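Single-structure report; data block below.
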Amino acid sequence: MGRAGRAAAAAGPPGRAVVLGLLGILVGAARAAGGGVPAGWDSAPGSVEEFPTGPCGVILADPWSYEGRLGMYKTLMGATPALAWDGGRGHPLWGLPLQFAWQRESGRLLGEGGDHISRLSWWGGMNYVLSVVPFVAAMEAGAISVPQPNSFVIEPAPGFCTTFQSCSEIAPRASAAWKRFFRWAVEEPEPALEDALGLLWRAHAASLHEGLPLMAPLLEYLPSQPERNFGLGWAGLVDFIAALRYDVDFDNTVLLQSLILPPRLLKGPDRPGFIRDFSSAQNRGLVLAELLSIANRGGVALRLWQQACCTPNGRKAATRAAIGLLEHPLLDLPALVDVLVELAESFPTCKPRGGGGSPAV
């Protein structure tokens, strides 16, 4: 049995419940690290009407406040009730506010105050294309309605879009993909999770692909080269996760974030795999992101991964392998490449469809 087979075997049979069971050996640590809704979620606006009102009765959303962006996410989820599976915990949009809350808690928004998001924060800028762009796309799709025309305004900032038209100019693929997702979410009579995840990840990946060049000037404000490497590596990982169509509902997202995401900004001396105040799982997550980034120079690793993930059975096998890689230390880059090659060779007849890192069905 090759490395991919061993990684898959370590993860057990396919299926969402089994994946959670595999990670369950570390659930105690995840719970201890915190696993509730994002801070401020209950008090954040949950509809357009709940945002603050400014002069002349205009409703204002401030995307540079933590509460403002959190309110956008809460409003998006409230506007798509058909996707609120499992009493709301199964909503696939949970991954966005939970990731945003981690950015704040780990100091990556660089805000001077608890609610402020610095316009020099690379993480905050990348999150902008995953919050404001989806929000204006949802308005354009009819998922979110405003009381009267021009009665709702997103507070502007130089270089950042605030309307569907302006966002379409700087991030056309992401704007169109998010509009498609939200239109489907409100018009599909019986939405299926697999379809929701396919559309969601296509939009998510498009946001990051177009966000990376837009926010490149902000990389210099990150405090260290290890943090810059991690940020770019994490953004690159999204294409791999998108190919899996990983279910980013509440429970899955809280568990994985608690296990593998670094709890603070990386410093100059930090070496992935050997950071003493990080858990072994967090160190492995950093190493895996770094190795995938190296292996994917030229896009080879992603093409192999997408080939493995272009069918439901392939996605199950790749998910098992990914869990196995996180559970067991990687020795070197060749070991990772062996896993990717073996997975791809197991599903040789399927070719990935281009665009946004989304696999063909």
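Observations, loosely collected:
- Condition met for Leu302 (of a type in the set (A, V, I, L, M) and either part of a helix (DSSP H, G or I) or surrounded by 20 or more Cβ atoms within 10 Å (Cβ to Cβ) (or both)): yes
- Residue match in region 149-166 (condition: surrounded by 24 or more Cβ atoms within 10 Å (Cβ to Cβ) and free of Cβ contacts under 8 Å to residues at least 60 places away in the same chain): no
- Scanning region 211-226 for residues that are more than 21 Å from Pro97 (Cβ to Cβ) and touching a residue at least 40 places away in the same chain (Cβ under 8 Å) yields Leu212, Leu214, Leu218, Leu219, Tyr221, Leu222, Pro223, Ser224, Gln225, Pro226.
- For region 84-120, filtering for residues that are over 17 Å from the mean Cα position of the chain (by Cα) and buried (at least 23 other Cβ atoms within 10 Å of the Cβ) leaves 1.
- Pairs linking a residue in region 174-194 that is within 12 Å of Pro81 (Cα to Cα) to a residue that is at pLDDT 95 or above and of a type in the set (Lys, Arg), with Cβ atoms under 9 Å and 6 or more positions apart or on different chains, do not occur.
- Failed criterion for Ala176 (all others in (1) part of a loop (DSSP other than H, G, I, E, B); (2) farther than 24 Å from Arg104 by Cα hold): (1)
- Qualifying residues in region 44-67 (those that are without any contact (Cβ under 8 Å) to a residue 40 or more places away in the chain and surrounded by 17 or more Cβ atoms within 10 Å (Cβ to Cβ)) - the one nearest to Ala192 (Cα to Cα): Gly46
- The lone exception for Pro189 - which of (1) out of contact with any strand residue (DSSP E or B) (no Cβ under 9 Å at 6 or more places or on another chain); (2) at pLDDT 95 or above; (3) in the same structural domain as Trp122 (by TED's automatic domain parsing) it fails: (2)
- Leading residue by the ranking (nearest to Ala44 (Cα to Cα)) among those in region 88-108 that are out of contact with any Phe, Trp or Tyr (no Cβ under 6 Å at 6 or more places or on another chain) and outside any helix (DSSP H, G or I): His91
- Whichever residue in region 121-146 is in a loop (DSSP other than H, G, I, E, B) and at pLDDT 95 or above and, among such residues, is surrounded by the fewest Cβ atoms within 10 Å (Cβ to Cβ): Gly142
- Of the residues making up region 263-280, one or more are farther than 20 Å from Gly198 by Cβ and part of a helix (DSSP H, G or I).
- Candidates Leu265, Leu286, Leu292, filtered to the one that is touching an Asp or Glu at 6+ places or on another chain (Cβ under 9 Å), buried (at least 21 other Cβ atoms within 10 Å of the Cβ) and not assigned by TED's automatic domain parsing to the domain that holds Asn127: Leu286
- Residue that is assigned by TED's automatic domain parsing to the domain that holds Pro158 and at positive phi, where the choices are Gly87, Gly124, Gly114, Gly71: Gly87
The values are calculated or read from the model by the stated rules, or taken from the named source; none is laboratory data. Since this is a predicted model, take the numbers as computed values, not measurements. Note: ideal-geometry Cβ built from the backbone for every residue, glycine included; neighbour counts use all protein chains shown.
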